[in-house]
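Let me begin by presenting the structure, written as structure tokens, before commenting on it.
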Amino acid sequence: MPPANHSLAQPATDWPLAHIPAQRRVAPWVLLLTLAIEQLLVAYFHFLAYPNPRTWFPPMVWLSSATGGIVDGTLVAGVTLQLVLFPIFLFWLGRLRPKDVGVDLTRLWPAVKLTLLFWITSQILHLVICLSLGKSIEIHPAWGPENWRFAVSDWLGQLFGNCPFEEILFRGFLLPQCLLLAMHWLPESKRWKHLVIALLLSQGYFALGHVIFNLHQPQGQVLLIAQFVFGLLFSAVYLRTGNLFLAIGVHALINNPAPLLSDPLPGPGVTGAIVFVGCLLWLCISPWWGRSQQILVQYRGDSQTI
């Protein structure tokens, strides 16, 4: 039997992923152009618009002033990137639908509920850590009477700007496209090899895309490795659940914008670390739990027929 030809006109007929929709393979020039324009726009915001918004991106100043700082640069840049890249390059040139890249509104409410559950659980564990270390429990200074607008802007910037942009582009679009390329280049290889190649390519690119943000950080190389690991985690959430909105929520929580409680330990943030470890445990346990439930249902069915 000849290998499947994953053409540009239709989705792959032997799509190996159970939980996320099949995509058609976009033309290589569309893929490369999308990634090139994305890098140019990110560099534009990082080197020009953020340092001098009045000159290079006045809407950022206007919106921040009109909302008292609640709408910040992260939100404006993230929404702008979404409005420029996705309709033109993914939906028009790439001929993809929003559902093809994970934007399925029927999955929004379940993701919101699970993200809230993760956040509440992380706050409870945060309290337990504070009490076990004998630390005082204090509201984070970011939520003080003079700073709360900036705390809200941090959350809005992550939930509606940065995280949706990165999840749709790198997990919803680039990961399946890299999988299709691997299936096209190596049609005789096993499907798990295709997935490994796709993960390495897409999430390696995701991590390398943060290099310009790491230039002024003393732990730049460590951050690059961490960003690659985070990309794999967000990919695993999407691959396991098929819910890109949940990946957006987990991404926002791990970025830890404006935590509710002061951190009892030095470092990037207790809440983000709790969510990261919790997601790893959940991803490891959920397949086993699903299989055990199937076995239990089958056992009950067999016992009723006796």
Next on the checklist: I'd like the full set of residues that are surrounded by 16 or more Cβ atoms within 10 Å (Cβ to Cβ) and of a type in the set (D, E, K, R), limited to the range 67-98.
Outcome noted: D72
Checklist entry - Within the range 163-186, is even one residue loosely packed, with under 13 Cβ neighbours inside 10 Å, over 23 Å from the mean Cα position of the chain (by Cα), over 30 Å from T67 (Cα atoms) and without any contact (Cβ under 8 Å) to a residue 24 or more places away in the chain? => result yes
Checklist outcome for this item: Result of the Cβ filter at 7 Å on the range 230-246, keeping first residues that are under 15 Å from A198 (Cβ atoms) and in contact (Cβ under 8 Å) with a residue 24 or more places away in the chain and partners that are of a type in the set (A, V, I, L, M, F, W, C) and not in a helix (DSSP H, G or I), at least 6 apart or interchain, is Y238/I20; L239/L17; L239/I20
Checklist entry - If you go through the range 56-93 one residue at a time, how many are closer than 15 Å to C163 by Cα and not acidic (D, E)? => result 13
Checklist outcome for this item: The correct count of residues that are β-branched (V, I, T) and either in contact (Cβ under 8 Å) with a residue 60 or more places away in the chain or crowded, with 19+ Cβ neighbours inside 10 Å (or both) in the range 28-66 is 3
Item to check | Extreme residue, farthest from N214 (Cα to Cα), among residues of the range 10-65 that are under 22 Å from the mean Cα position of the chain (by Cα) and polar (S, T, N, Q) | outcome: Q23
Item to check | Matching residues, the range 211-253, being β-branched (V, I, T) and under 10 Å from the mean Cα position of the chain (by Cα) | outcome: V237, I248, V250
Checklist outcome for this item: Pairs returned, first residue in the range 131-153 that is within 21 Å of S65 (Cβ to Cβ) and modelled with pLDDT of 85 or more, second residue that is surrounded by 14 or more Cβ atoms within 10 Å (Cβ to Cβ) and of a type in the set (S, T, N, Q), beta-carbon separation under 9 angstrom, 6 or more apart or interchain, are R149/T67; S153/S64; S153/T67; S153/T74
Next on the checklist: Condition check: of a type outside the set (G, A, S), touching a residue at least 12 places away in the same chain (Cβ under 8 Å), in contact with a Gly (Cβ under 8 Å, 6 or more places away or on another chain) and not in a helix (DSSP H, G or I). Does V71 satisfy that?
Outcome noted: no
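Residues are listed down the side, and each one gets a yes or a no for (1) of a type outside the set (D, E); (2) over 17 Å from Q158 (Cβ atoms); (3) touching a strand residue (DSSP E or B) at 6+ places or on another chain (Cβ under 7 Å); (4) at pLDDT below 85:
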| position | (1), (2), (3), (4) |
| --- | --- |
| G204 | yes, yes, no, no |
| L208 | yes, yes, no, no |
| G220 | yes, yes, no, yes |
| Q227 | yes, no, no, no |
| D263 | no, yes, no, yes |
| G267 | yes, yes, no, yes |
| W282 | yes, yes, no, yes |
| G290 | yes, yes, no, yes |
| Q293 | yes, yes, no, yes |
Item to check | Filter result for R191 (under 19 Å from P257 (Cβ atoms) and touching a residue at least 60 places away in the same chain (Cβ under 8 Å)) | outcome: no
Item to check | Selection count, the range 88-98, where residues are without any contact (Cβ under 8 Å) to a residue 12 or more places away in the chain and closer than 11 Å to T34 by Cα | outcome: 1
Item to check | Residue list for the range 22-63, filter: in contact with a Pro (Cβ under 8 Å, 6 or more places away or on another chain) and not charged (D, E, K, R) | outcome: A22, Q23, M60, V61
Checklist entry - F234 fails exactly one of the following numbered conditions: (1) modelled with pLDDT under 95; (2) in contact with a His (Cβ under 8 Å, 6 or more places away or on another chain). What is the number of that condition? => result (1)
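The values are calculated or read from the model by the stated rules, or taken from the named source; none is laboratory data. Treat the numbers as computed from the prediction; the structure is a model and nothing was measured. Because the Cβ atoms are built from the backbone with ideal geometry, glycine has one as well, and the counts that use them run over all protein chains shown.
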